[in-house]
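The values are calculated or read from the model by the stated rules, or taken from the named source; none is laboratory data. This is a predicted model, so every value here is computed, not measured. Using ideal geometry, Cβ is built from the backbone for each residue, glycine included, and neighbour counts are taken over all protein chains shown.
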Amino acid sequence: MIQEIKMPAAGQTTNKATIAQICVKVGDTVKRGDVLVEAETDKATLPVESFANGTVLAILVDEGDQVTAGTVMMAVGKAGEVYVPAAAAAVPDTSAGNTPAPAVPAEQEEYLPIIKGAAVVHAVPAAAAAPAAAAHPTYPAMPNAKQAAREKGVDIGAVPASNGQFVTRGDVARYTPAAAAAEAEYEVLPMNRMRQIIGKRMRESLSEIPCWQCTTVIKMDACMALRDAYREKKGVKLSYNDIMAKAIAVASRKFPLVNARYENGEVRVYRHTNVGLAVALDGALVVPVVKEIDAKGLEQIAADYKVQIGKARDNKLLPDDMGCGSITISNLGMYDVEQFIAIDNPPESCILAVGSIKVKPEWDGGKFVPANMMTVTGSFDHRIIDGAYGAQFLQELKMLMESPALMLY
C-alpha cells in the first residue's frame, strides 16, 4: 500500500516551512523513523520522519520549496508500485487501447504523474518548437518551477530537466541562459528562510524597540581562577558564558525585570531566568536557550549549554529550544572584538554584548598592576528597563563576576 508523507505542523507560530534538505532519493529503501526531509521554519530545522517501511516511489518537493502543513512531499510503498498524485489520477490509461485525453499545455499543468523509470516528455507543435528541440526536448514543469521561472524571467520551455522527467524549482534556479552567463560579473546568493527571518526580526527590533545601551568593564581574574579550579579539580570545562549566565540569574533576584518580555502590549515578568546564547552557524545565527538557570549550579549550566550548542550546530534545535528567553548573551570575545553593541532580541528585555579579555593596567592604591578586563555592553528595551535600573543591574553583574563566591547566597 502506498503511503503519502505529508508536512507536519511546524509549530504554534507558523504552519509554513522551507525544504532545506532532501535526505533520500527515489528508489531508496526506508524504514519507520528514518529522516526523509529537513524543513526550515522561522525558528528551527525540523526533521520529517517516515512512518512507513518501504521504497521511496516519488519525491514531490525540491530543496528550497516553501510548503505548508499537509503538503504531500513523498510517497512510500512496495518496490514496483506506481504513484500518481490525486490530481493526475483521472488521466485515462492508454495501455489497453483507450482513447488518450487531449494533451494539456505545460503552462496549464498543475500536477504531474511520477512513474519510476518512465520519462515524461511533453509534445510541442513542430513549427513552434523546432529550434529548441535541437538542443533538448521540452519537459513538463512542476507548479513551483513555473512560478520560479516567471519570477526569474526565464522561458520555462528552455529549462532542461535534470531528472529526465519534469522541470523542478531547482532546475530553474540553476538555469542561466548562455548569453547571460557570458556577461555575468557577480554571483547572486539566495536569501534563504533563515536569513530572511534574521533580517525581519532585526528590522523589527530597530524600528519598534526604544533601545538604549550602557557599558561596564569587569575584572575577570576571579572568574578565570574559578574556571581553572573547575577544570583541574572536577574535570569540568566552564565557559565565561556559563559563569555570566549564573551571575545574571543571581542578579535577577534584585532586578527581576531582566526576566521580563514585552508581549501583546504588556510587560510579563517571568518567575525563572531563561538565558539565550547567540550561536553563529554557517551563514546563519540562532539563539538556543537554557531554561531555569536560577535553579541550576554551574556544572549543570555548562552541560545544558553544551547540549544546546551541539543541537544548534547539527540543525537539531526544536522550536521549544528557542524563542523562550528573557535575556541573551552575545559573545564575540573569541574573535578579538573588544567592544560592540548587540541588537535586542525581541520580545526579550535585554541583550549583553561581551567582548574579549584584555590585560590592562589597574591602580591598586600604590601602583599600576596588570588586570584581565572584559567589556560588557547591555542593550535594554526602554519600555521595560529604565537607565538607572539597567546601570544598577550591570553594577550587580560586575560585582558577582568579580567575586563569584557571592553567587552562592
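Can you name the number of the only condition in (1) over 28 Å from Gly390 (Cβ atoms); (2) at pLDDT below 80 that Ile197 fails? Every listed condition holds for Ile197 apart from (1).
When only residues in segment 215-238 that are part of a loop (DSSP other than H, G, I, E, B) and of a type outside the set (A, V, I, L, M, F, W, C) count, which is nearest to the chain's Cα centre (by Cα)?
If we take residues in segment 215-238 being part of a loop (DSSP other than H, G, I, E, B) and of a type outside the set (A, V, I, L, M, F, W, C), then Lys237 is nearest to the chain's Cα centre (by Cα).
A single member of Thr45, Thr68 is out of contact with any helix residue (DSSP H, G or I) (no Cβ under 6 Å at 6 or more places or on another chain) and closer than 25 Å to Arg313 by Cβ, and it is Thr45. For segment 52-84, the set of residues classified as part of a loop (DSSP other than H, G, I, E, B) and either over 26 Å from the mean Cα position of the chain (by Cα) or farther than 21 Å from Ile19 by Cα (or both) consists of Ala52, Asn53, Lys78, Ala79, Gly80, Glu81, Val82, Val84, listed by residue number.
For Asp221, are the conditions met, namely being within 21 Å of Phe393 (Cα to Cα) and outside the structural domain of Glu38 (by TED's automatic domain parsing)? The answer is yes for Asp221. Among the residues making up segment 30-51, those that are within 14 Å of Gln3 (Cβ to Cβ) and either outside any loop (DSSP other than H, G, I, E, B) or among the basic types (Lys, Arg) (or both) are Val30, Lys31, Arg32, Leu36, Val48, Glu49.
Yes/no matrix, rows are residues, columns are (1) under 30 Å from Asn264 (Cα atoms); (2) crowded, with 16+ Cβ neighbours inside 10 Å:
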residue	(1), (2)
Ala302	no, yes
Val307	no, no
Arg313	no, no
Asp321	yes, yes
Ser330	yes, yes
Leu352	yes, yes
Asp364	no, no
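Only a single item in (1) out of contact with any Asp or Glu (no Cβ under 9 Å at 6 or more places or on another chain); (2) crowded, with 21+ Cβ neighbours inside 10 Å is not met by Val56, and it is number (1).
Here Ser207 fulfils each of the conditions (1) of a type outside the set (Val, Ile, Thr); (2) outside the structural domain of Ile19 (by TED's automatic domain parsing); (3) within 30 Å of Ile59 (Cβ to Cβ) apart from (3).
Residues in segment 282-313 that are part of a helix (DSSP H, G or I) and at positive phi: none. The single condition among (1) touching a Pro at 6+ places or on another chain (Cβ under 8 Å); (2) part of a strand (DSSP E or B) that Lys316 does not meet is (2).
Every residue, every condition in (1) aliphatic (A, V, I, L, M); (2) in the same structural domain as Val289 (by TED's automatic domain parsing); (3) modelled with pLDDT under 95; (4) within 17 Å of Ile209 (Cα to Cα), yes or no:
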{"residue": "Pro346", "(1), (2), (3), (4)": "no, yes, yes, yes"}
{"residue": "Cys350", "(1), (2), (3), (4)": "no, yes, no, yes"}
{"residue": "Lys358", "(1), (2), (3), (4)": "no, yes, no, no"}
{"residue": "Met373", "(1), (2), (3), (4)": "yes, yes, no, no"}
{"residue": "Asp386", "(1), (2), (3), (4)": "no, yes, no, yes"}
{"residue": "Phe393", "(1), (2), (3), (4)": "no, yes, no, no"}
{"residue": "Glu402", "(1), (2), (3), (4)": "no, yes, no, no"}
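For Leu226, the requirement of being aliphatic (A, V, I, L, M) and either more than 24 Å from Lys306 (Cα to Cα) or loosely packed, with under 15 Cβ neighbours inside 10 Å (or both) is not met.
On the given criteria, is Asn274 of a type outside the set (A, V, I, L, M, F, W, C), at pLDDT 95 or above and within 30 Å of the chain's Cα centre (by Cα)? The answer is yes for Asn274.
Kindly indicate the residue of segment 303-328 that is touching a residue at least 60 places away in the same chain (Cβ under 8 Å) and within 10 Å of Val290 (Cα to Cα) and also nearest to the chain's Cα centre (by Cα) among those meeting that condition. Checked segment 303-328; the qualifying residue nearest to the chain's Cα centre (by Cα) is Met322. Note on segment 168-188: among residues that are outside any helix (DSSP H, G or I) and over 11 Å from Lys146 (Cα atoms), the one that is modelled with the lowest pLDDT is Ala184.
Here is a list: Met194, Met202. Which entry is surrounded by 18 or more Cβ atoms within 10 Å (Cβ to Cβ), among the aliphatic types (A, V, I, L, M) and either in a helix (DSSP H, G or I) or on the phi > 0 side of the Ramachandran plot (or both)?
Met194
Residues of segment 265-285 being within 30 Å of Asn192 (Cβ to Cβ) and touching a residue at least 24 places away in the same chain (Cβ under 8 Å), which ones? If the condition is that a residue be within 30 Å of Asn192 (Cβ to Cβ) and touching a residue at least 24 places away in the same chain (Cβ under 8 Å), then Asn274, Val275, Gly276, Leu277, Ala278, Val279, Leu281, Gly283, Ala284, Leu285 are the ones that fit.
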